[in-house]
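**Student:** My questions all concern the structure below.
The values are calculated or read from the model by the stated rules, or taken from the named source; none is laboratory data. Keep in mind that what you see is a predicted model, and the values were worked out from it rather than measured. Counting neighbours? That spans all protein chains shown, and the Cβs are built from the backbone with ideal geometry, glycine included.
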């Protein structure tokens, strides 16, 4: 298998559809946008769209499918969201009831899929700026935490923001803010720098999603809003059904990181 960082989005999606890739996608198809997934019935789609509009940091909308369609026509024409993500989670009434490699059993003709910006997208910019991305270095899933930062509610949807964390050398923290603030469509600048307890995180060694990574002496934990927020919302709001990606297992779009830079 070729270097997945150099593979095209179409190649990655084909390997995912063949179930040859079933793990986290960080570092794959470098230079292309990665996206979070949230799928709800049409009866809840307006509420979720409003929730995303009111909470653009954790839920920046990249594409919304027609009801019953699994094709993200704006960001990857011809792709199929039922098969082209490595792993999915199924929530019913707030409970995680299944984790699957495709949505054949759960897709319905009334489903509406939302693709939300993902911080994996700006990691190429961090690396280019000389900033380490520890979970890629350690071949782990990015650590993610449920905070005590409340989202703005909309309809049935409410809950707290989820953040992802990357340790950054103290002298490069400002540069990390500069590099990521150019990407507001994929979470943009950090929402918090430093003391995890200030945003309700009890221990960075015990993430709610993903895996812990090494924080070296002289490094500062930097936290970005995260598109796993809808999963925390699903557990809080308890909708009839919500389908999401498994944390870290993203959809890779055909659009490039550079397409989302805000000059």
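**Student:** Mind checking whether some residue in the stretch 22-32 is in a loop (DSSP other than H, G, I, E, B), out of contact with any strand residue (DSSP E or B) (no Cβ under 8 Å at 6 or more places or on another chain) and without any contact (Cβ under 8 Å) to a residue 60 or more places away in the chain?
**Tutor:** No, the stretch 22-32 has no match at all.
**Student:** Okay, moving on. If you check 45, 30, 5, which single one turns out to be over 24 Å from residue 99 (Cα atoms) and either assigned by TED's automatic domain parsing to the domain that holds residue 126 or more than 17 Å from the chain's Cα centre (by Cα) (or both)? If you could, list the steps in order and put the result at the bottom.
**Tutor:** Working: 45 fails: over 24 Å from residue 99 (Cα atoms); 30 fails: either assigned by TED's automatic domain parsing to the domain that holds residue 126 or more than 17 Å from the chain's Cα centre (by Cα) (or both).
Matching residue, one of 45, 30, 5: 5.
**Student:** Quick one: which strands (runs of 3 or more DSSP E) lie wholly within the stretch 169-263 and hold at least 3 residues that are in contact with a strand residue (DSSP E or B) (Cβ under 8 Å, 6 or more places away or on another chain) and assigned by TED's automatic domain parsing to the domain that holds residue 141? Can you show your working first?
**Tutor:** Numbers: elements: 219-225, 242-245, 251-256.
Hits in the stretch 169-263: 219-225.
**Student:** I'd like the full set of residues that are farther than 19 Å from residue 224 by Cβ and crowded, with 22+ Cβ neighbours inside 10 Å, limited to the stretch 33-50.
**Tutor:** Narrowing the stretch 33-50 to residues farther than 19 Å from residue 224 by Cβ: 39-50.
Within the stretch 33-50, 39, 40, 48 meet the criteria.
**Student:** Sticking with this one: From the list 89, 166, exactly one residue is touching a strand residue (DSSP E or B) at 6+ places or on another chain (Cβ under 7 Å), in contact (Cβ under 8 Å) with a residue 60 or more places away in the chain and not in a loop (DSSP other than H, G, I, E, B). Which is it?
**Tutor:** Values: 166 fails: in contact (Cβ under 8 Å) with a residue 60 or more places away in the chain.
Within the list 89, 166, the selection yields 89.
**Student:** For residues in the stretch 108-135 being part of a strand (DSSP E or B) and closer than 16 Å to residue 164 by Cα, which is modelled with the highest pLDDT? Can you show your working first?
**Tutor:** We begin by selecting, within the stretch 108-135, every residue part of a strand (DSSP E or B); these are 111-117.
Retained after the next criterion (residues that are closer than 16 Å to residue 164 by Cα): 116-117.
Working: 116: 95, 117: 91.
Among those residues, the one meeting the criterion is 116.
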